[in-house]
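Written out below as C-alpha cells is the structure these notes cover.
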Amino acid sequence: MNNIQRGQIRTNTKGVGYLRNSEIDGFIEIPNDRMNTALDLDLVEVKIIGKNKFGDLEGEVTKVIKRDKNVWVGVIREVALENHHGKEKTFIPDNKRFYPRTKIDNLKSFPRLKENEKVLVELVKWDNQRAPAHIKIKKVLGKVGAHETEMKAAVYDRGLVMGFPEEVEKAAAKLKEKAPELIAEDLPHRKDLRHLNVFTIDPADAKDFDDAISVEYLENGNVRVGVHIADPTFFVKEKSVIDKEAYERGTSIYLVDRTIPMLPEVLSNDLCSLNPNEDKMAFSLIFELDKEANIINEEFVSSIINSKRRFNYLEAQEIIDRNEGDYLKELKTLIDLTDKLEAKRVKNGSIQFNSFEVKFKLDEKKFPVDVYVKPHTRTMDLIEEFALLANKRISHFVAESNGERNKNPFIFRIHDKPKQEKITEVINFLNKIGKSPDTNSDGMLSAREMNNILERSKGTPEEGILSLSILRSMQKAIYGSEARGHFGLAFDYYTHFTSPIRRYPDMIAHRLVKKYLAGEKVSEKEVAKIQKAAEHASEMEQKAVAAERDSIAFKMAQYYSVRIGEKFFGIITGVMKFGIFVENEKTKAQGMLSVRNLGNDFFVYDNDKQILKGEKTGKVYKLGDKIETKVISVNVEERKIDLGLI
C-alpha cells in the first residue's frame, strides 16, 4: 500500500479525521493536531505514519487539495474566554464537524445581529491549525427555528445556492423571446410527432414536466410506445451563462415546501417543460414492442411534440381502477407492458426495494399539521419502468455496436457491486435471524438472491429490516465515464437521460447522443472532461440529498415538538451502545431511545450481534424488533426526537 493516500476526509465533532478509499482496508485516523486545517469532506493528501493503540492506521494531512466548501451556517454567540477573563462573540456552527476556533473579521458591520439569528459565514483564511480561522459574515438568514430561515440554512450550509444571478435570468428571458424563431428554424431537422396522443403522468404538485408517453396500435398486433423527453439542450448551449450555472448546480433541489430548480423557471417550468397543449422540442425514444414486451424495433430522434393531456399519478390510477376515462385503453396497455418489463428485469437480477416518500401538510404559517407517506400507485411504476427502459437502451446504443463494446465517450450511471465486508455483514445478520441465504462461489450474494430474500420476507415482521440491511450494504450510485454497469438494476449499461430539466448529467447525455446520431466523432480526449463533470455531478447530488433530508428532519422535529407524550409503534433500525434508533411505522420519523430510558437494568452492547441485552432481565433489543414508544422530548434546532419505552 502506498504511504501517501488521497481522498475525501470525514471529521468528528472533536476535529479528528478519518480517511477511507478503495486502496485502504479500513480507514486512516488523523488526530486533531495532525489535521493541517482539513475540514469535513475536503479532498486531502494523507501520509501514513504508523498505527494507533487500537491497531488502526494513523496519519497526518500533508495537503488540503480542495476545500469541499467555504461557507457554513450557524449563530454568533457570546462565550467566556478560555482564561475566564471576559467574553467574546464567536461562531457556533449548525454542523458540529466544523471544529476550529474562529475570529469574525467583519462583526462590526452587523451591530444589530441577535444571538437567536442564523448567519451564513465564509471561511476567509485558515492556514495554521493552532490559530483561529478567520471568517466573515456573508448574510443574516433570520430567526433560529423560523421556517424560511431553516429552509435557507438547509441549502446554504451545503454550499448550495438559492435564486439565479441576474445575467442568467436575463439570458433565460431572452431565450423565451427568441423561442418561436429558434423553433421554426430547427423544425425541418426534427421528426414532427405532434399528431400523436402524447400525455404526461407526474406528481400532483409537479411544475416541470420532462417526460411524456404515447401509444400507437400497429396492424401486426404490436404497439409502438414513445418515451418523449424534454430537450433543454436545444435552448441551453454549451458554455453559455445558463449552461455554466446549471453545471455548477448539477441538479434541482427538492425541499419540503419548494423546488430550487437547476434551470431558471422560465425554462424549467415554461419553455422546456412538456406542458399540455403546447408545441415542445423533445427527444423521442420510440419502441415497437410485442405482446411480451420484447423490443422489435427502436428509434431515437429529435422531435417536436404536443402533449394532449396532463395526468397526475392518482388521476391516471383512478381511470385504470374505474375502467373508464381518458386514454383508458392506452393506460391499460402500458400497465400490462409494465408488468412484463418489470418481471423480466427482476428475473434478470434487478433488486426491488420498497421506497417511500414522506409528505407534510403545512398550515398558513408553514407549520406541519400532518405528515404521511405518499401513497404508491401502479402508474408510478409505469413511468419508472419506461424511464428505465429508455435510459438502458440509449446507453446501450452509445456503448455497444454489433454486439461489441466501442469507445464512444459517454456519461454513465454506475452502481458497483457491494464490497465483500458489507455482504459478509448482511450474510451474518441473515444467518442470525434464521434467513440463511444462498451465496455464490466467491461468498457473494447475487442480486437475484437478494431479491429472493426480499420477496420471501414480504408481509413478515422482518420485511423492513431485511430491506434496510441489504440497502445499507449497497455502494452509492455515481456518475462516471466508464461503463461499469449498474448492480442494483442488473444492467450492463445505464445512464440518466430522462430528466434533463432537473439533472445536468442528462443534459451531457443528450448532447453526446445527438452527436452520435449525426455521425459526429467525439474525441477520446473528451473522456477526462466527462469524468470531471461526472464527479462534480455526483458530489452535487449528494449535497442536494443532504439539504432535502435536513428540510424533512426539521419539519419532522417541528411536528413532534407539539406532540410530547404521543405513543407510536416503531421498528428498531439501529442499535448502538448508548441506545436504539426507532422508526415510526406511520410517519417514518426517526427517534432515539436512550439506554437510560430502557428500564431499570444495565444494558450491555454486543457489537457482533448488534444487540443490547439487559444483565438482570435478559431483555434483548435487536434490529427489526417492533416496539411501542412515546415522544418524551424534542430539540427542533438539533433535529432530535427523544423517545421513552412504553
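Each reported figure results from applying straightforward, stated rules to the coordinates on display, with no laboratory input. Quantities reported herein were computed from a predicted structural model and do not represent experimental measurements. Please note: Cβ atoms are built from the backbone with ideal geometry, for glycine as well, and neighbour counts cover all protein chains shown.
Annotations for the structure displayed:
- Between the C-alpha center of the range 431-458 and that of the range 520-549 there is a gap of 33 Å.
- Close amide H pairs (under 5 Å, H built 1.01 Å from N) link V144 with E117, K118, residues at least 5 positions away or on another chain.
- The range 462-504 and the range 54-92 have Cα centres spaced 35 Å apart.
- DSSP bridge pairs, the range 4-66: antiparallel proportion in percent, nearest 5: 90
- Over every Cα atom in the range 71-144, the radius of gyration and the widest Cα-Cα span, Dmax, amount to 11.9, 33 Å.
- DSSP-defined antiparallel bridges as percent of all bridges, the range 563-645, nearest 5: 95
- For the range 10-92, a Kirkwood hydrodynamic radius built from all Cα pairs, placed in the Stokes-Einstein relation at 20 °C and 1.002 mPa s, yields a translational diffusion coefficient of 147 µm²/s.
- The smallest convex shape that holds all Cα atoms of the chain, its convex hull, gives 203 Å³ per residue.
- Percent of beta bridges antiparallel (DSSP, the range 71-144, rounded to nearest 5): 85
- Judged by the mean number of other Cβ atoms found within 10 Å, the most tightly packed of the peptides 551-559, 227-235, 32-40, 315-323 leads the ranking 227-235, 551-559, 32-40, 315-323.
- Helix-only [θ]222 nm of the chain, DSSP H runs n ≥ 4, -39500 (n - 2.57) each, per residue, nearest 500: -9000 deg cm²/dmol
- Mean separation of Cα contacts under 8 Å (6+ apart) over length of the chain, as relative contact order %: 10
- Cα-Cα separations in the range 542-622 greater than 15 Å, expressed as whole percent: 64
- Normalised by the number of residues in the range 491-646, the mean separation of alpha-carbon contacts (under 8 Å, six or more apart) gives a relative contact order of 20 percent.
- Cα centre as origin, Lys/Arg/Asp/Glu Cβ charges: the chain dipole, Debye: 2120
- For the range 1-91, averaging the sequence separation of C-alpha pairs within contact (under 8 Å, six or more residues apart) and dividing by the residue count gives a relative contact order of 23 percent.
- The range 177-222 and the range 601-646: distance between their alpha carbon centers, rounded to Å: 53
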